[in-house]
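What follows is one structure encoded as structure tokens, with my remarks underneath.
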Amino acid sequence: MYYQIDETAARRAKEMTSFSDYQEGSATAGYCAAVDKAAALVAKKKEQVSPFYHDKLDSLLDRYARRLADNINARNRNTASCPSVMICGPANFPTRKKAKQNAREETLWREYSEIEDILSKIKAIGTGAIDLADPHARELLTDRIQRIQKELDDAKAMNAWHRKYKTLVGFPGLSEEEAARLDNELADLEKRCPWHNKPFPDYELASLRGKLKRTQERLAELDKLQAQGSPEESHDGFTIVRNAELNRLQIIFDGIPDETIRAALKANAFRWSPKNKAWQRQLTPAAETAAKKVLGL
């Protein structure tokens, strides 16, 4: 999980910027603490998402640990390349060398920001559209549909209760204190926005219905893919595979296709997969049409 931190460079960087002694191992300790925090984030995320994403999370964690170590070492080497004016004094100070060091420092800090963005990518895993290649896709989609439907039903029920009683007090599942708090918030909001006269305005209900429809369509798309299965079509010189498990339309040639075919494949969004030994793209009706066009079927 950890990568090597150059303690010699860290010590030298400290000497170039401060009169205080360097605490041995402090650079490594700081790095390990950052990686441990990222590892805890990944462990928590794994509890929330499908196992389908676990390898990707591990890959992101490793990338974070490796790039962070490289960045820390590069920043320490850069800092050690030229002393601060406080250390060496203003006489004959190497201003050009210092300017070059400062420019490099800015670049390294921008790179550090990119490394920190990896943590945001870790947090975002599993929050977007469900990958149909996930073996648990049906379970995840069904669960999401049920949760959105319940949220929509609860919102409509709360609106109906408020329309009838002009309050949320007594609404099933809400404590009297919570209901009173929501009543006060709604009253304050209605003063500023007269059209906001119910707990869930029409635009929020429309948003929930939109989410529900998109998720249902995603499930229907999965049904269609699984209905296709993974049939193979053998032709002279190549085989077409509809790989539902990977959600890929694959073209496997008996040999290396000529440059014209390769160019046509690339122009139609097919990419070579060394792992699968196939030209492939996402399994969609458009992919089927593109493959027939390229292959002259």
Highest GNM mean-square fluctuation among 92, 268, 243, for the chain with Cα springs under 10 Å, belongs to 92
Rank 197, 25, 13 by how far each Cα sits towards the positive end of the charge dipole of the chain (+1 on Lys, Arg Cβ; -1 on Asp, Glu Cβ) and give me just the farthest. 13
Return the loop-located chymotrypsin sites (Phe, Trp or Tyr not before Pro) in the range 190-260 (DSSP other than H, G, I, E, B) with at most 12 other Cβ atoms within 10 Å of their own Cβ; answer none if there are none. 195
For the range 78-128, divide the Cα radius of gyration by the Kirkwood radius and give the resulting Rg/Rh value with two decimals. 1.31
Give me a comma-separated list of calculated 3J(HN,Hα) values for the range 166-182, in order, Karplus coefficients 6.51, -1.76, 1.60 applied at θ = phi - 60°, integers in Hz, x for any Gly or Pro. 6, 7, 9, 5, x, 5, x, x, 10, 6, 4, 5, 5, 4, 5, 4, 5
If you average the C-alpha positions of the range 133-155 and of the range 220-297 separately, how far apart do those two centres end up, in angstrom? 31
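Let me spell out the model: positive unit charges on the Cβ of Lys and Arg, negative unit charges on the Cβ of Asp and Glu, origin at the Cα centre of the range 7-124. What dipole size does that give, in debye rounded to 20? Could the numbers behind the result be given before it?
On the way: 21 positive and 16 negative charges, 74 e Å.
With Lys and Arg at +1 and Asp and Glu at -1, about 360 debye.
What number, in percent, do you get for the relative contact order of the range 229-295 if the mean sequence gap of Cα pairs under 8 Å and at least 6 apart is divided by its residue count? If you can, show how the numbers build up before the last one.
Details: 89 pairs, mean separation 18.2, N = 67.
This gives 27 percent for the range 229-295.
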Using unit Cβ charges (K, R positive; D, E negative) and no other charged atoms, how large, in debye to the nearest 20, is the dipole of the chain about its Cα centre? 820
Once the other residues with Cβ under 11 Å from the Cβ of residue 163 are scored (Lys, Arg +1; Asp, Glu -1), what is the net sum? +4
Rg and Dmax of the range 6-79, Cα atoms only, in Å: 15.8, 51
Taking amide hydrogens as modeled 1.01 Å from N in the peptide plane, which residues meet the under 5 Å criterion relative to residue 238, leaving out close sequence neighbours? 254
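With +1 on each Lys and Arg Cβ and -1 on each Asp and Glu Cβ, how big is the dipole of the range 137-225 about its Cα centre, in debye rounded to the nearest 20? Let's see the in-between values first.
Numbers: 18 positive and 17 negative charges, 81 e Å.
So the dipole magnitude of the range 137-225 works out to roughly 400 debye.
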Whole-Hz ³J(HN,Hα) for each residue in the range 286-297, computed from phi via Karplus 6.51 cos²θ - 1.76 cosθ + 1.60 with θ = phi - 60°, x for glycine and proline: what do you get? 5, 5, 4, 4, 5, 5, 5, 5, 5, 8, x, 9
Along principal axes, largest first, the alpha-carbon spread of the range 137-225 in whole Å comes out as 50, 26, 18
Of 89, 40, 119, which is farthest towards the positive pole of the range 7-124's charge dipole, taken about the Cα centre with +1 and -1 on the beta-carbons of Lys, Arg and Asp, Glu respectively? 89
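Listing 191, 121 from the residue with the fewest other Cβ atoms within 10 Å to the one with the most, what is the order? Intermediate results must be reported in sequence, preceding the final value.
Values: 191 9, 121 13.
Taking fewest neighbouring Cβ atoms as first place, the list is 191, 121.
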What 222 nm value per residue comes from the helices of the chain, counting each DSSP H run with n ≥ 4 as -39,500 (n - 2.57) and dividing by all residues, nearest 500 deg cm²/dmol? -21500 deg cm²/dmol
Among 274, 1, 73, which residue has its Cα positioned farthest towards the positive end of the charge dipole of the chain, with +1 placed on the Cβ of Lys and Arg, -1 on the Cβ of Asp and Glu, and the dipole taken about the Cα centre? 73
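Just so you know, all these numbers are worked out from the coordinates, no wet-lab data involved. As the structure is a computational prediction, the values presented were derived from the model and not from experiment. Don't worry about glycine lacking a Cβ; one is built from the backbone with ideal geometry, like all the others, and counts go over all protein chains shown.
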